[in-house]
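*Asks:* Just dropping this structure here.
The values are calculated or read from the model by the stated rules, or taken from the named source; none is laboratory data. Predicted, not measured: the structure shown is a model, and the values here were computed from it. Don't worry about glycine lacking a Cβ; one is built from the backbone with ideal geometry, like all the others, and counts go over all protein chains shown. Heads up: the accessible areas ignore ligands, DNA and RNA and are worked out on the full protein's heavy atoms, side chains in. Shrake-Rupley method; radii C 1.70, N 1.55, O 1.52, S 1.80 Å.
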Amino acid sequence: MRFLKGQGSLIISVIVMSLFVLVVLPAAMYLIIRASYSNLSFVPEIRSEFVELVSYTTRDINATVFVDKNNVITLAVANYGTSEINVVTLFYRLFYPNGTTVVLREETNIIVRPNSVASYQSYEILRYCEVSCRLVNVMLLTDKGTTITPRTYSEEFLEEFMVSQEVALVRMHSYLPLPYYDPSSIRDALSRSGFKILDASLLEIPRQGVNVRGVKGVGTGAYYLYEEYVNVDSISATNAPVGNLYLGYNPKDVKKYDIMFSWNRASSDVTLVISGQSLNLGSVCSNGYRIKIIGFKNATNYIIRFSNGVEVTSPSPDPAKYSYLTSRQGVRISFTGSAERVRIYCRSSNLNYETSYEPYILLTKFNADAPGASILFVTEDVYYGFATSRNDAYSSGKILQDYSTVPLVLIYNSSTTVITNSKYLGVILVVNYRFHDNEGNDFYGVSSDRVIFEVGLVDSEGNVLSSRTFTFKELTRYEDTYPPRAQAQSASIFIPLPRPESSGGTKVYYPFIKIQDPYGGLGNLDDLDIMLLIEGLGVILVS
């Protein structure tokens, strides 16, 4: 377990600040684009240099490397010749602050057919030195013994761009925060915001006896909806035990709040008083439960009061802040007010029961000034564990561990943003996120590194052009299990678009994001649960 590692928090990618200083307030801490898009331009000499960046791959045999601030490499190799190219080795020259340099070698098998462009993503530098070294240059070696020296660009390269209002070069489109919000349906909120849900059944409200899919429980069955209350005139709880508590601003009205918490009946149960009627949740949910309170309006001068006297009067920007309250800190919660909607989910007694993603997602926001909701995906419930103990288990012995059976894939296909390779040279996807997990030993608590989420481009036939994966070992470096902290992170993904003459004509591409909890281990390893906040998602279109 890491205690206050002190790693620097990246609030937002610098490129967004530099590219959009004319439309985003200089003090902005999050990727917040209020309009559907904004036109920006660069002075001509900077424009020519940037066009060279994305068009460099269109020469006979050339390559472009883009390295982000986490030392993740995106390589684009263009082959406009008549013979196939096979890149078998990558050589990275790395520089350390103490003045020493090293050469790192990576074996590959990058095949680039004639008149085509291939992209490749490498985590080799990240694994080797994390962010303590800097990439100086790269050399590619083919199976024929030919060397290729690519142009190398860092994320800081974009900081040098001067914004003017002469020739339009880039256009920013923001997909998250969501422009539309529906408190009754996560699926409808995403769909009406422009996202196509690859499998819409993954966001159905799970009801007992109804077959859905997406998530399974380990140790106990997964969540199903026990009861829903709408337009609740009064709701309260007094000294209620909770594991993890998540508190955000309601996307429609920031004077109201969204609350989600879980418990596994360890020592006592939560009693909710809803419209004057008391409901002991342990009596109806014997295996544990999760509660969502949407549009909560507090009737006191605090939103939630802890049993240690602390009063919470506004949500924290860090959604993981109130994790393991009763289970680790011995703190209970009290609140009273009204709510637009209350959903109570019970854990199934059937270990084979499969639920949807709906109980695990909360559309809310942790910045009152954000124009819409972000996506909070949470499988964590009550407690952390180690490589020698079970996670998401507390003294009752009831394990509330969950894992994804299939990933949730969201594809942005709104007609307001059409990305074609005849109009644009490339795109830069920008994603802002926070991550937390309940594995106290971090990557020593897993047997293998697995993908948590992925961002990229897909064509109209469902073929992925290029993508950037975010794995557990990368994400866990920027969180503290306890005291809980999820650092704000941002990443940019450069994707050159293949020219129409090399790809069989004009093609349309769509941004996508894929989310999952891939860990469902039955023992002390691979049994972690996660919290993932996708706070911002946008694309810079380069023409």
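*Asks:* What nm distance separates the two modelled labels at Val464 and Thr101, each placed 7 Å from Cα along Cα→Cβ?
*Replies:* With each label placed 7 Å out from Cα toward Cβ, I get 3.5 nm.
*Asks:* Assuming 0.36 nm per residue, please report the length gained on full extension of the stretch Asp199 to Asp449 beyond their Cα-Cα distance.
*Replies:* Answer, rounded to one decimal: 87.4 nm.
*Asks:* In nanometres, what is the gap between the two model label sites at Arg151 and Val210, each 7 Å from Cα along Cα-to-Cβ?
*Replies:* Between Arg151 and Val210, the simple spin-label model gives 5.4 nm.
*Asks:* In angstroms, what radius of gyration and Dmax does segment 435-535 have, counting Cα atoms only?
*Replies:* Spelled out, the Cα radius of gyration and Dmax of segment 435-535 are 17.0, 55 Å.
*Asks:* Please compute the net charge surrounding Met139, taking Lys and Arg as +1 and Asp and Glu as -1 over other residues with Cβ under 13 Å from its Cβ.
*Replies:* Within the 13 Å Cβ shell, the charges total +2.
*Asks:* A further question on this structure: Distance between Cα centroids, segment 280-303 to segment 371-401: provide it in whole Å.
*Replies:* About 17 Å separates the Cα centre of segment 280-303 from the one of segment 371-401.
*Asks:* Accessible area per residue, 1.4 Å probe, Å², for segment 387-472: what's the number?
*Replies:* With all protein chains present, segment 387-472 gives 33 Å² per residue.
*Asks:* Taking the chain as the reference, fit the longest principal axis to its C-alpha atoms, fit the long axis of helix 44-55 to the helix C-alpha atoms, and give the angle between the two in degrees, 0 to 90, nearest 10.
*Replies:* So the inclination is approximately 80 degrees.
*Asks:* Considering only the other residues whose Cβ falls under 13 Å of the Cβ of Ser348, what net charge follows from Lys and Arg at +1 and Asp and Glu at -1?
*Replies:* Counting the neighbours of Ser348, the net charge comes to +3.
*Asks:* Report the relative contact order of the chain, percent, no decimals, based on alpha-carbon pairs under 8 angstrom and at least 6 residues apart.
*Replies:* 19 percent.
*Asks:* Now, a different point. Keeping every protein chain in place, order Glu380, Glu228, Glu311 by accessible area at 1.4 Å, biggest value first, i.e. largest first.
*Replies:* Result, largest first: Glu311, Glu228, Glu380.
*Asks:* Which value, in Å² rounded to 10, gives the accessible area of Met139 with a 1.4 Å probe and all protein chains present?
*Replies:* My reading of the accessible area for Met139 is about 70 Å².
*Asks:* Could I ask something else about it? Relative contact order, percent, of segment 227-323 when contacts are C-alpha pairs under 8 Å separated by at least 6 residues?
*Replies:* Result for segment 227-323 is 30 percent.
*Asks:* Quick one: which of 408-421, 96-109, 237-250, 480-493 comes out on top by average Cβ neighbours within 10 Å, and what's the full order, highest first?
*Replies:* Result, highest mean first: 237-250, 480-493, 408-421, 96-109.
*Asks:* Which percent of the accessible area of the chain is formed by carbon and sulfur heavy atoms (probe 1.4 angstrom)?
*Replies:* Of the solvent-accessible surface of the chain, carbon and sulfur hold 48 percent.
*Asks:* Quick one: how many Å² of Ile274 are accessible to a 1.4 Å probe, rounded to 10?
*Replies:* Surface accessible to solvent at Ile274 totals approximately 10 Å².
*Asks:* Could you report the accessible area of Val67 in Å², rounded to 10, computed with a 1.4 Å probe on the protein chains as they sit in the structure?
*Replies:* Estimated to the nearest 10 Å², Val67 gives 10 Å².
*Asks:* Right, here's the next one. Order Arg192, Arg390, Arg341, Arg477, most accessible first, counting only protein heavy atoms with a 1.4 angstrom probe.
*Replies:* Final ranking, largest accessible area leading: Arg192, Arg390, Arg341, Arg477.
*Asks:* Counting only other residues whose beta carbon sits under 15 Å from that of Gly397, what net charge do I get with K and R as +1, D and E as -1?
*Replies:* Within the 15 Å Cβ shell, the charges total +1.
*Asks:* Now for a different question. Under a cut-off of 12 Å between alpha-carbon atoms, report the aspartates and glutamates in cross-link reach of Lys196, not counting same-chain residues fewer than 8 places apart.
*Replies:* Asp188
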